[in-house]
Amino acid sequence: MGSGDFDLDDAYAVETPDDNRDLYARWADTYESGFITDNAYRYHLGVAGAFLDAASADDGPLMDVGCGTGLVGEVLRSDHRCPVTVHGLDLSPEMLDRASTKRTVDDTPVYDNLLEGDLTAVLPVDDGSYGGVISCGTFTHGHVGPAAFDELYRIARPGALFAIGINPDHFVAHGFEARFASDVVADVITQPIVHRVPTYGAGPHVNQMSPVVVFRRR
Ligand SMILES: C[S@@+](CC[C@H](N)C(=O)[O-])C[C@H]1O[C@@H](n2cnc3c(N)ncnc32)[C@H](O)[C@@H]1O
């Protein structure tokens, strides 16, 4: 595999956090110019839009988990409706490096804070730190499963707004839908609204629609 020709099969082939670190270390430089451009990726637009449609000025700061090169933050901060500051967390220092270069039209950093962290472990974040949590492209093959919500609920304060993109094949099959249903019964979260948004504008998965789950922490 060459350094510039990664695709969805490579992303879906990873199994462990170390596989992820290795893949994204090699992919970071060409992630946007290759995969994102080739497939006219637009999932981040739908995820950011779902957050902004529900957000108020109280829903910050916002943590973008699995922020990658910073596409979600870029969309959020370019939208006049974004009422909050945005932080990012990712497993890959190389992807975080790319995110750190993102600037707003006012030439300020898109992300006020970027953290290295593993969503399959304890996050380096205090309890109740965030008024919002957003994620796109991270709850997918070989990446992160529903158990990560234990930590995401911990770092969110009561009332925090979540907008979480989840791979369409995993939403039911990997237990996300069931997890959210039991969290509603346990009064941990509000009843989720599940939007379906386009993932790509071109390429082999052009017709794929992916869930974005929006709810609030109780
Ligand atoms: C497909 S990329 C999506 C990046 C970005 N959100 C986007 O929409 O372009 C998945 C990201 O999840 C990160 N990731 C994978 N497993 C992770 C984990 N266990 N903890 C934190 N980040 C993880 C990867 O490093 C990568 O940056």
Applied in sequence order to region 169-175, the curve 6.51 cos²θ - 1.76 cosθ + 1.60 (Karplus, θ = phi - 60°) yields integer Hz couplings, x standing for Gly and Pro, of 7, 9, 4, 8, 5, 9, x
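Under 8 Å for C-alpha pairs, at least 6 residues apart: give me the relative contact order for region 98-211, rounded to a whole percent.
19 percent
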Under Stokes-Einstein, region 8-216 at 10 °C and 1.306 mPa s, with its Kirkwood radius over C-alpha pairs, diffuses with a coefficient in µm²/s of 94 µm²/s
Most exposed first, judged by fewest Cβ atoms within 10 angstrom, Leu123, Leu114 run Leu123, Leu114
The local net charge around Thr16, scoring Lys/Arg +1 and Asp/Glu -1 for residues other than Thr16 whose Cβ lies under 13 Å from its Cβ, equals -4
Bridge orientation stat for region 61-218 from DSSP, antiparallel percent rounded to 5, came to 40 percent
With Arg216 itself left out, Lys, Arg at +1 and Asp, Glu at -1 over residues whose Cβ is under 14 Å from its Cβ give -2
Taking 0.36 nm per residue of separation between Arg157 and Gln191 and subtracting their Cα-Cα distance, the length gained on full extension comes to 10.5 nm
Log entry: pair-distance distribution for region 122-218, C-alpha pairs binned every 5 Å from zero, whole % per bin is 3, 13, 23, 26, 18, 10, 4, 3, 0
So, relative contact order of region 8-216 in percent, Cα under 8 Å, 6 or more apart, is 24 percent
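Roughly how big is the chain's charge dipole about its Cα centre, with Cβ charges of +1 (Lys, Arg) and -1 (Asp, Glu), in debye to the nearest 20?
Here the size comes out at about 780 debye.
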Expected unfolding gain across Val184-Ala57 under the 0.36 nm per residue rule, minus the alpha-carbon gap, is 43.3 nm
At the level of C-alpha centres, the distance separating region 122-138 and region 50-98, in angstrom, is 11 Å
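No value in this document is a laboratory result; all are computed from the given coordinates. Please read these numbers as outputs of a predicted model, since none were measured by experiment. Glycine gets a Cβ as well: all are built from the backbone with ideal geometry, and neighbour counts include every protein chain shown.
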